[in-house]
Amino acid sequence: MFQYIAFLRAINVGGRSVKMADLRDLFITLGFADVQTYIQSGNVLFTSPNPDPNKLAQNIEAGLSATLGYDVPTFLRTTTELIDIANYTPFPDDAKDEGTLYVSFLPQEPAAAQQQALLALATDTDSFHIYRDQVYWLYRRSLGASAYTNADVEKTLGMAATRRNINTIHKIVAKYLSV
């Protein structure tokens, strides 16, 4: 069995409300085991005998669309990948005191031109770092002070993304994954 963490976009935002118990039931209906959710933002841990995360993400997206009536981009990471993401240090340690670090999950690593376009958006408030199929985004002030939203990242990269606070990722790793 393989353990995965699904990060779902468009769950419990914009007036679209999904109860976590219903989300767990849907994942069980899709054939997954050991299903758990973490907070209300669409973080689902589960196991599957299928080693193909791309195929699993497609199945989850189809199931969510059929049940919820709207598309829910799904970003899967293995436990090893999530531990690596949590431990990766994209900015100097003192940057942690400057603001809040977020991670935007992407479906694949952006091409070089896309990466350059995103990095060119950096300001005194926002710094970006791309590591594989994630964007690390340091807000040096509050989230509301940023000139950008997740939609701007998506537009610049030409692909869907979903964002989580690094603290959420650390808590998932600490609570559910043995390190």
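Read-outs throughout are calculated quantities, based only on the coordinates presented, and are distinct from any laboratory measurement. Source: prediction; values computed, not measured. Cβ: placed from backbone, ideal geometry, glycine included. Neighbour counts: every protein chain shown.
Using +1 at the C-beta of Lys and Arg and -1 at the C-beta of Asp and Glu, which of L64, T80, G158 has the Cα lying farthest in the positive direction of the dipole of the chain? Of the listed residues, the answer is L64.
Read through the labelled values (i) 37; (ii) 54; (iii) 34 and report the label of the one computed as percent of Cα pairs over 24 Å apart from the structure. Comparing each candidate, only (i) matches the computed number. Placing unit charges on each Cβ (+1 for Lys and Arg, -1 for Asp and Glu) gives the stretch 82-176 a dipole about its Cα centre, and among Q114, N167, I130 the Cα reaching farthest toward its positive end belongs to N167. In terms of packing, defined here as the mean over residues of other Cβ atoms within 10 angstrom, the peptides 29-36, 130-137 line up highest first as 130-137, 29-36.
Legend: calculated FRET efficiency, Q58 to F91, from the Cβ-Cβ distance at R0 = 41 Å, rounded to 0.05, equals 0.75.
Among 83-93, 58-68, 2-12, 157-167, the peptide with the highest mean count of other Cβ atoms within 10 Å heads the list, and the full ranking is 2-12, 157-167, 58-68, 83-93. Counting lysine pairs in the chain that sit 8 or more residues apart in sequence, or on different chains, and whose Cα atoms lie under 28 Å apart gives 9. Farthest towards the positive end of the charge dipole of the stretch 7-92, among the residues L23, P49, V35, is the Cα of L23, using unit charges on the Cβ of Lys, Arg, Asp and Glu.
Taking the Cα centre of the chain as reference, the dipole from Cβ charges on Lys and Arg (+1) and Asp and Glu (-1) amounts to some 380 debye.
Taking all Cα pairs closer than 8 Å and separated by 6 or more residues, the relative contact order of the stretch 1-100 comes to 34 percent. Of the chymotrypsin sites (Phe, Trp or Tyr not before Pro) found in the stretch 45-82, those in coil by DSSP whose Cβ has at most 16 other Cβ atoms within 10 Å are Y70.
The phi torsions of the stretch 98-109, fed into the Karplus equation with coefficients 6.51, -1.76 and 1.60 and a -60° offset, translate into couplings of 7, x, 10, 9, 10, 10, 9, 8, 10, x, 7, 5 Hz, rounded to whole numbers, with Gly and Pro shown as x. Shown for L118, L177, L23: other C-beta atoms within 10 Å of each C-beta, ranked fewest to most, produce the order L177, L118, L23.
Put the Cα centre of the stretch 112-134 next to the Cα centre of the stretch 54-111 and the gap is 16 Å.
Pairs of Cα atoms nearer than 8 Å and 6+ residues apart set the relative contact order; for the chain it is 21 percent. Taken one residue at a time, the phi angles of the stretch 2-19 give Karplus couplings (6.51, -1.76, 1.60, θ = phi - 60°) of 10, 9, 10, 10, 9, 10, 9, 9, 6, 9, 6, 9, x, x, 9, 9, 10, 6 Hz. Gly and Pro are set to x.
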